[in-house]
Amino acid sequence: MDATPDSFWYPEHVYEVYKDDPDLDRLKIIVLLREPIARELSLYNHMRNLWSKDPDPKAWYRRVSTESFPEFAKKKLRDGADYKSYYAQYLSRWFQFFDPQQILVLSYEHEVLPGTPAKQRIGDFLGHSFRDDKGAFPRVNEQSNPNKIRKVPCSVVERARPTVERWNKELYELLATWKPHAMDPFPKFEIAACVGGDHNDTETN
Ligand SMILES: Nc1ncnc2c1ncn2[C@@H]1O[C@H](COP(=O)(O)OS(=O)(=O)O)[C@@H](OP(=O)(O)O)[C@H]1O
């Protein structure tokens, strides 16, 4: 099993690894999608956490030492190709390499957060039942440090919304067309409540 968010952006590499395997058609792929603005915030917090532990000026996460979240988001959530939250662009490539029936697409907010049916969905897909079907998955990488930004500034939401909505619309259409294993219709992402101002709002907010 390989589990990393980074695989999502490189379906051709995954295909390259498995293409000569006689069991290629038994490969199971699970894609977990999160509302794009929340995902970028989570990544930003992750990078800031790494920077606080190891402020290496050559590290891949160094940009967060000089960029506020609004500045980071402005660069990541804008029109154009190759933006990582433009899920439809990447998922459409997965469908070129793999049978959509080999792919389970889950909504983080509707199917993975505690109280939602992730374990059951994944169990059904893999043909494997978990010991505790109802419980949540253990939390990892939560980084509950005091500098964690909990809420997105409303200015970020206002700026990003048109782009993100276009990306999401394309995603819903793609899923409706290709019909991988997924909720049908796929639940629409909801942007979480934001806070005023253009600054980094931390835990106290
Ligand atoms: N069990 C469970 N259920 C739901 N959500 C969970 C769970 N475990 C971790 N998390 C949240 O996932 C975020 C970290 O994701 P990753 O581990 O993929 O990120 S990374 O590897 O650190 O880049 C991070 O999200 P944020 O807290 O919003 O940043 C974690 O809180």
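Each value in this text was obtained by applying a stated rule to the coordinates, not by laboratory testing. Source: prediction; values computed, not measured. Positions of Cβ are generated from backbone atoms using ideal geometry, with glycine treated the same way; all protein chains shown enter the neighbour counts.
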Report summary line: Answer in debye to the nearest 20: the dipole magnitude of the range 1-112 about its Cα centre, from +1 Lys/Arg and -1 Asp/Glu charges placed on Cβ, is 620
Requested in this report: Name the residue farthest towards the positive end of the dipole of the chain from the options 149, 86, 32, assuming +1 on Cβ of Lys and Arg, -1 on Cβ of Asp and Glu, about the Cα centre.
Outcome: 149
Query raised in the report: At 222 nm, what helix-only mean residue ellipticity would the chain give, in deg cm²/dmol to the nearest 500, using -39500 (n - 2.57) for each DSSP H run of four or more?
Result: -12500 deg cm²/dmol
Query - Kyte-Doolittle mean at least 0.0 and Cα axial length at least 20 Å: DSSP H helices in the chain - result: none
Report summary line: Between residue 144 and residue 9, Cβ-based FRET efficiency (R0 22 Å, step 0.05) works out to 0.20
Report task. Would you please name the trypsin sites (Lys or Arg not before Pro) within the range 1-66 that are DSSP coil residues with at most 12 other C-beta atoms within 10 Å of their C-beta? Result -> 19, 58
Query raised in the report: So what is the orientation-averaged projected area of the chain, using the convex hull of its C-alpha atoms, in nm²?
Result: 12.8
Query raised in the report: Stretched out fully, how many nm does the piece from residue 126 to residue 56 gain, at 0.36 nm a residue minus the Cα gap?
Result: 21.2 nm
Report summary line: For residue 148, the residues 5 or more places away or on another chain with a placed amide H closer than 5 Å to its own amide H are 203
**Report entry** 31 Å Cα-Cα threshold exceeded, pairs from 19/188; 53/151; 76/188
**Finding:** 19/188
Report summary line: Note, the range 56-62: 3J(HN,Hα) by Karplus (6.51, -1.76, 1.60, θ = phi - 60°), whole Hz, Gly/Pro = x, goes 7, x, 9, 5, 4, 9, 4
Query - Cα centre as origin, Lys/Arg/Asp/Glu Cβ charges: the range 73-132 dipole, Debye - result: 380
Query - Among beta bridges that DSSP assigns inside the chain, antiparallel share in %, nearest 5 - result: 10
**Report entry** Qualifying trypsin sites (Lys or Arg not before Pro) in the range 111-146, DSSP loop, other Cβ atoms within 10 Å at most 14
**Finding:** 131, 134, 139
**Report entry** Among 113, 174, 104: highest mean-square fluctuation, GNM of the chain, C-alpha pairs under 10 Å
**Finding:** 113
Requested in this report: Might you report the magnitude of the Cβ-based charge dipole of the chain about its Cα centre, with Lys and Arg at +1 and Asp and Glu at -1, to the nearest 20 debye?
Outcome: 580
Report summary line: The long-range amide H neighbours of residue 181, using H built 1.01 Å from N in the peptide plane and a cut-off of under 5 Å, are 103, 105
Query - Sparse-neighbourhood loop sites, chymotrypsin sites (Phe, Trp or Tyr not before Pro) in the range 1-64 - DSSP loop, at most 10 other Cβ within 10 angstrom - result: 60
